[in-house]
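Since the structure comes first, as C-alpha cells, the remarks are kept for the end.
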Amino acid sequence: MNPGILTVYRWELHKLRFQKRTYLGLGAAAIVPILFAIAVSVRNGHPNEVAFGRYIHQTGLAIPLVILLFGAVWMFPLITALVAGDIVASEDHNGTLKTILTRSLERGQIFGGKVLAAVTYAVVAILLNGAVAVAAGSLVSGFKPLTTLSGTKVSAPSALGLIGASLLVYLLPILALACIGLLLSTITRNSAAAVVGTLMFSLMMQLIGVLPGLGGTRPYLLSSQFDAWEGLLRQPVDWAPIGHAAWVCPLYALPALAAGYLVFLRRDVAGG
Amino acid sequence: MTAAAPLEIRGLTKVYGDIVAVDDVDLTVAEGNVYGYLGPNGAGKTTSLRMMLGLIRPTAGSVQLFGRDPQLGVRALEGVAGFVEEPRFYPYLSGRRNLELLAAFDGGGAAARIDEVLSVVELSDRAADKVRGYSHGMRQRLGIAAALVRGPRLLLLDEPTTGLDPAGMRDMRALIRRLAGGGMTVVLSSHLLGEVEELCDRVAIIRTGSVVYEGTIAELKRTATGAYRLRTTDDDRALEVCRAQPGIVDPRRSAGAIHFNADEAAVAALSAALVEAAAAPVELTPQAASLETLFFRLTEGQDGAAAPEPVEVA
C-alpha cells in the first residue's frame, strides 16, 4: 500500500494514545460533567442566569446543555487547543520533523494527517463530554422531558436527539479553534505558546464582543458561534444562527488552515 | 543513457542573513563510492546535508539525487535515506514502533525489513523498550536502522560516530564498512580525518562553507606535505643533500636531527639520494601525520587573503 494522508492519520492517532495531554483533555471532558452532576445532586440551588440552569433538577438532559454554555468560555477551547496546539510543535520539540520529512510522504500529506487527527480528537472530546453529561445528568435528575427555550416541553428521547444535534453544531466553532491551534502550532513551533495562544485568541474574541461600541462585530466573532446550537432548542427550530455559524466558522478555519499548510510546506527544517 | 549519479551538487549555497553557511559547493558522488564530507564543526556540513535531504531550501544552486531534485518533492528521496545531526525519534514509542511508523511512511516493502535492520544494528533485544530510555549510541544505531528500513541505495550520514564511546565508534565504522561492502553508496560527514581516511575512498574537505579539496584520499596523501625528522650516519652531508633535493622544504638542524617538510614522493626520493651520498638514514620519521597537517592547513587558515589555496587534484 502506498502511504498517504490516512497513513499519517492512523499513526497520529496511535501517537496520541501514548501522550499524557490526550488523557488530560479527554479526562477533563469526562470528569467535568460528573463533578457537575455530583454538585447538582448534593445542592438544591441552580444557576438561574444561564439558559436551562433552572431545569437541572427537573431533568438530567438540561445538564449537558448547561455545560456547553459554561464550557464555551475556556474549558472546551483549552481541551481543543491541548492537542491542536501541540500536534505540529511536538515534532519540533522532539526533533522528529527531520525524521518524518525524509520518508516517502509529502509535507502536505503529513500536515493533512495531523489536521485530521486534531479534528478527530476534538470531536471525540466534545462527544465524550456530551455522552458523560447525559449519563451523569440522567442518574442524578432523571431521563425526563426537557423544557425548550420557547417554553414548550419535548420528550426525553427527542431531547436526546436535540442534544446530539447541538453537540454537532457546537463542533463548528470548536473545529475552527482547532484550525487556529494548528496554525499557531506550526508558526510558533512551541506547544505551550500555541496552546496558550489559542486560548488567548478565544478569550480575546469574547472580550471584543463585550467591549462598548464593538457590539456590531458580535455576530461575526468566533465566540458568538458557540451559542448557535441554541437555535435547535427552540420550537420551531431557529435555523438562522446555525446557518450563520456554518459560514462564519469556516471564515476563521480555512484561512488559518491554509496559512498553516503553506508555512509547513515552505519552512526550513533546521533544528532537531 | 547513463544512469544519474547518486548525488550531484552544483553551486549549492545557503545564506542566513549575513552568514554564508554553505558557499558554492560542487560535488559528485558516483555509484558505490564511500564519500567523506570532511570539515571542522561549524564548517557547513550539516546545512549541506539538510539541503541534500530537502529539509531546507538552498539559497542558490541545486542538489540532484539520482537525477531528481529533493526540493520538488519526496519522490527524489526514493532510494535515499540518512539522518542529520543526531537521529531523533518519538521518545514515548518503542524502538520497534518508531521503525514501524517510519516504514509505514516509506511504504513499499519497508515494514518487512524491520526485523532484519534491528538485527543489523544489534538492537533486536531492546526494540520493545521506549526510545526515551535509549543511550546515545543506541539512538545512533536506531538512526541507521531507520535509514536502512528504506532499503536505500544512497545513505547520507551526518557524523554517525559523534558522541560514541571508542567501542561504539569501532562498531559503527565496521557497520558502515559492511554496508559499503554490500554496494551501497555512502556519504558520510565527519570532523575526524582518521575516520574519513579509514572509511572513505573520496573526500571533499569543507571550510567555512566552501570546498577546499575534492578528490581521492590517495591523491590527497600524495600531495600532502608533512614535517619529518631525519638522522643519518652523516648529518652534515645529509643536510647538503636535503638542500639540493627538489621537494624538500626548509631543511634545518635542530635538537640533534634534521627537520624538513616534504610530501611522500619527495621523501622517497630523498632517502634514495641519501644512501647514494653515503649518508644512510638511521631515522626518518613523520612528525605529524602528513594528511593531518594538510587537513589543518586546509581547514584552519586565516580569513580573507591568508585563506589556503585550494588543492587541485586531477
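Each value in this text was obtained by applying a stated rule to the coordinates, not by laboratory testing. Owing to the predicted nature of the structure, the values given are computational and were not obtained by experimental measurement. Positions of Cβ are backbone-derived with ideal geometry, glycine not excepted, and every protein chain shown enters the neighbour counts.
DSSP H helices in chain A with Cα extent of 27 Å or more along the helix axis and mean Kyte-Doolittle hydropathy at least -0.5?
Working: long enough: A:20-42 (32 Å, 1.55); A:107-141 (50 Å, 1.42); A:156-188 (46 Å, 2.00); A:191-210 (29 Å, 1.79); A:240-266 (40 Å, 1.22).
What comes out of the filter, once short or polar helices are dropped, is A:20-42, A:107-141, A:156-188, A:191-210, A:240-266.
Run the dipole for the range B:7-220 about the Cα centre, Lys and Arg Cβ at +1, Asp and Glu Cβ at -1, nothing else charged, and hand back the magnitude in debye, nearest 20.
About 620 debye.
May I ask you to derive the relative contact order of chain B, considering only C-alpha pairs under 8 Å and at least 6 residues apart, and to give it as an integer percent?
Over chain B, the number comes to 19 percent.
How big is the dipole moment of the protein assembly as shown about its Cα centre under a simple scheme where the beta carbon of each Lys and Arg is +1, that of each Asp and Glu is -1, and everything else is neutral? Debye, nearest 20, please.
Roughly 2740 debye for the protein assembly as shown.
Determine, from the Cβ-Cβ distance of A:D238 and B:R57 and an R0 of 56 Å, the FRET efficiency 1/(1 + (r/R0)^6), rounded to the nearest 0.05.
0.60
Pop out the Kirkwood hydrodynamic radius of chain B from its pairwise C-alpha distances, inverse of mean 1/r, in Å to one decimal.
For chain B, the Kirkwood estimate is 21.6 Å.
So who's got an amide H within less than 5 Å of the one on A:K153, skipping anything under 5 residues away but keeping other chains? H placed 1.01 Å off N, in plane.
It is A:T148, by chain and number.
Return a whole-number percent for the relative contact order of chain A, with Cα pairs under 8 Å and 6 or more residues apart as the contact set.
Once normalised by length, the contact order is 26 percent.
Express in whole angstrom the spacing between the alpha-carbon centres of the range A:163-206 and the range B:172-235.
Distance between centres, Cα-based: 54 Å.
So if R0 is 56 Å, what FRET efficiency would B:H136 and A:S155 give, r being the distance between their Cβ atoms, rounded to the nearest 0.05?
0.30
Distance in nm between label sites at A:F70 and A:A193, each 7 Å beyond Cα in the beta-carbon direction?
Going from the A:F70 label point to the A:A193 one covers 3.4 nm.
What would the Debye formula give as log10 I(q)/I(0) at q = 0.05, 0.08, 0.12 Å⁻¹ for the alpha-carbon point model of the protein assembly as shown, no solvent?
With one equal scatterer per Cα and no solvent, log10 I(q)/I(0) is -0.35, -0.70, -1.11.
Taking each residue in B:93-100, count the Cβ atoms of any other chain within 10 Å of its Cβ, then average. What number comes out? Walk me through the numbers before you get to the answer.
Numbers: counts 5, 1, 0, 0, 4, 2, 0, 2.
What the average comes to for B:93-100 is 2.
Using only DSSP helix segments of four residues or longer, with each worth -39500 (n - 2.57), what per-residue ellipticity at 222 nm results for chain B after dividing by its residue count and rounding to 500?
Theoretical 222 nm ellipticity from helices: -9500 deg cm²/dmol.
If eta is 1.306 mPa s and T is 10 °C, what Stokes-Einstein diffusion coefficient results for chain A, Kirkwood Rh from Cα pairs, in µm²/s?
81 µm²/s
Which angle from 0 to 90°, rounded to the nearest 10, does the C-alpha axis of helix B:290-299 make with the longest principal axis of chain B?
70 degrees
Please list A:71-83, A:208-220, A:251-263 highest first by mean number of surrounding beta-carbon atoms within 10 Å per residue.
Going by the mean number of other Cβ atoms within 10 Å, highest first, we get A:71-83, A:251-263, A:208-220.
So for the range A:6-114, taking the charge dipole from beta-carbon charges (+1 Lys/Arg, -1 Asp/Glu), which of A:F111, A:F76, A:N48 sits furthest toward the positive end?
Projecting each Cα onto the dipole axis, the largest value belongs to A:F111.
Which aspartates and glutamates, if any, have their Cα less than 13 Å from the Cα of A:K15, not counting same-chain residues under 8 positions apart?
A:D86, A:E91, B:E100
Which of the lysines could a cross-linker span from A:K153 if the Cα-Cα distance has to be under 25 Å and same-chain partners fewer than 8 positions apart are dropped?
In chain and number order, the partners are A:K144.
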